[in-house]
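Notes follow once the structure below has been shown.
The values are calculated or read from the model by the stated rules, or taken from the named source; none is laboratory data. Here the structure is a predicted model, which is why all the values come from computation and not from measurement. Using ideal geometry, Cβ is built from the backbone for each residue, glycine included, and neighbour counts are taken over all protein chains shown.
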């Protein structure tokens, strides 16, 4: 069975779709966290100034690669999962928070890529990493009840 084949019942994702979604979200979240740690806490004293850790740029590159893949996945999830799932109210709040956070992350990520140094870039950066770090909470709230769906046929 194709992992990205649309499901015929409701908005539940197949096991392959869930694994791909969680793997990509985890990779993006983890690479972002590692970038923050390497950027703010693992700088090195150079001969003339403080220098970034050599791995900092690689974490940022991985994070950017995950971001491009997440943009594709976001469109796929909108069609297969979000839009068909809107009529069901149980997970709608956490799902909408995730969707709005995803849009905010895409916008602030774009600003981080194109904005010059200054206030706009600083605010975009702080907003991006704050939303990114906190996004783990609504994703967990949205995803964890899926383990109990077999027990609740009305869910």
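Among 19, 61, which is exposed (fewer than 13 other Cβ atoms within 10 Å of the Cβ) and either modelled with pLDDT of 95 or more or touching a helix residue (DSSP H, G or I) at 6+ places or on another chain (Cβ under 7 Å) (or both)?
61
Per-residue answers, yes or no, for (1) assigned to a loop (DSSP other than H, G, I, E, B); (2) closer than 22 Å to residue 69 by Cβ:
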| position | (1), (2) |
| --- | --- |
| 100 | no, yes |
| 103 | no, yes |
| 107 | no, yes |
| 113 | no, yes |
| 117 | yes, no |
| 120 | no, no |
| 125 | no, yes |
| 128 | no, yes |
| 131 | no, yes |
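Just for region 79-98: of the residues that are free of Cβ contacts under 8 Å to residues at least 60 places away in the same chain, touching a helix residue (DSSP H, G or I) at 6+ places or on another chain (Cβ under 8 Å) and part of a helix (DSSP H, G or I), which one is surrounded by the fewest Cβ atoms within 10 Å (Cβ to Cβ)?
Checking each candidate, the answer is 92.
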